[in-house]
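Report on one structure; see the data block that follows.
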Ligand code: HAM
């Protein structure tokens with residue numbers, strides 16, 4: 001019996017991207033290169049749950065942030081526990097570090113992670129409800145040299161995929177000795193302005209966030225607001241000056257942005273953002289900073305940490321905007337086999353299998369499409385070599401190896417194909 005009602009095709013949820021071929025190759029190449037760079041700097045992979053207890057984010061990221069108050073995917077599971085799809089990675093890393101006592105060993109603990117994060121934002125180009133980040137966290141040491149390392153690592157990540165049109169913005173958000181006094185000063189300034197009710201409330205809970213208001217009139221009113229960088233404690237100032245000095249030594253270009261406001265509440269001291277001008281409104285391709293009190297706030301030791309999250313989606317868009325194509329992403333396989341006739345197909349299947357075992361990427365034509373149709377498969381895969389095996393080649397124990405770029409071909413003995421291709425690939 002068949003169901004006669006046709007199922008209405010379902011689309012992906014709004015604002016949630018699919019990563020389909022061939023574009024998915026660029027996505028994977030960027031993500032893997034970032035992770036490779038992190039590993040090269042001694043960061044070890046940590047694989048974290050995609051959902052956590054809701055309290056973790058409320059406490060870790062901050063109740064007054066848009067991320068927590070408006071953008072979380074929170075639901076009760078079947079056991080009626082409130083869980084949340086992770087909107088960011090830092091809180092989860094801290095939870096895992098505390099839970100597994102990673103901070104009781106050698107410090108700093110250097111961890112790397114990647115994967116999807118979830119924010120119920122208004123979708124637009126470069127802003128998704130499921131977004132992908134590669135992140136690192138270095139926990140347990142408050143050494144400005146570590147701030148510089150992290151920032152230089154992010155800079156290298158972008159450059160290693162060929163991105164150049166970005167700028168690094170830097171500031172310091174101070175520490176517990178200078179932040180409270182600055183906060184009071186900023187509030188005093190803000191309360192003297194004719195702000196609407198909601199903005200006034202925001203000024204009470206988190207005054208820094210008012211400096212991030214995108215409305216023209218609020219921007220004008222706050223143009224002369226006091227800025228944290230001008231009120232740093234001696235210790236924070238020295239910390240910041242050491243970081244900027246080291247970045248100069250490391251030849252990482254940066255600009256100071258005194259008005260930077262990060263979207264998460266845990267930041268102290270060094271804060272940074274990487275901005276790309278080819279992306280329109282969603283120009284932040286990555287960001288991070290130091291977080292002094294976060295671990296203690298989440299029930300752990302009072303240790304500092306610093307990290308970043310690089311947006312993979314926006315990096316891919318930025319590469320497109322710059323017209324950069326990564327090496328190899330337009331090639332599905334290096335070798336593509338075409339067989340004519342059943343016996344040849346059997347022999348080719350063995351050959352293709354041998355090539356893969358020898359580490360060469362290879363595919364072959366399936367179905368019965370004839371030589372011309374099957375060769376289209378080689379084109380579409382953008383293969384470098386095609387192997388053509390017909391009845392006559394099979395009889396003579398040879399295969400035609402076509403170099404597709406050079407439009408040349410030679411007959412190679414079947415048992416020498418792997419070796420021949422290994423030498424040229
Ligand atoms: P974040 O600035 O909220 O930081 O996010 C990092 C990056 O993720 C952004 O710069 C952006 O490229 C990307 N991103 C964020 N939201 C979206 C979205 N809706 N669509 C596409 N891309 C997006 C953090 O998440 C911190 N956990 C980073 C960090 C680690 N700080 C310290 N350690």
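Nothing in this text is a laboratory measurement; each read-out follows from the coordinates by a stated rule. Here the structure is a predicted model, which means the values were calculated and not measured. Note that we place each Cβ from the backbone using ideal geometry, even for glycine, and neighbour counts take in every protein chain shown.
Once the Cα atoms are used to define both axes, helix 342-357 deviates from the longest principal axis of the chain by about 40 degrees. Taking every alpha-carbon pair in the chain and binning the separations at 10 Å intervals from zero gives 4, 18, 23, 20, 14, 10, 7, 3, 0, 0 percent.
Based only on Cα atoms, what Rg/Rh ratio does region 21-90 have, Rh being taken as Kirkwood's radius? Here Rg/Rh amounts to 1.10. Take the Kirkwood radius over Cα pairs of region 335-423, plug it into Stokes-Einstein at 20 °C and 1.002 mPa s, and you get 169 µm²/s for translational diffusion.
Largest GNM mean-square fluctuation among 251, 301, 282, using the chain with Cα springs under 10 Å: 251.
Could you order peptides 55-63, 369-377, 126-134 by the average number of other Cβ atoms within 10 Å of their residues, highest first?
126-134, 55-63, 369-377
Normalised by the number of residues in the chain, the mean separation of alpha-carbon contacts (under 8 Å, six or more apart) gives a relative contact order of 16 percent.
Label reach from residue 322 (point 7 Å along Cα→C-beta): in region 134-178, amide nitrogens under 16 Å belong to 152-169.
Shape class of region 1-51 from the Cα gyration tensor (axes a ≥ b ≥ c, square roots of the eigenvalues): prolate, since a/c reaches 1.5 or more and a/b is larger than b/c.
Per-residue Cβ neighbour counts within 10 Å put 166, 254 in the sequence 254, 166, beginning with the fewest.
Quick one: if the Förster radius is 30 Å, what FRET efficiency do residue 379 and residue 10 give, using the C-beta to C-beta distance and rounding to 0.05?
0.35
Helix 23-40 axis versus longest C-alpha principal axis of the chain: approximately 60°, rounded to the nearest ten.
Any chance you could give the angle, 0 to 90 degrees and rounded to 10, that helix 312-322 forms with the longest Cα principal axis of the chain? That helix lies at roughly 70 degrees to the long axis. Shown for 366, 19: other C-beta atoms within 10 Å of each C-beta, ranked fewest to most, produce the order 366, 19.
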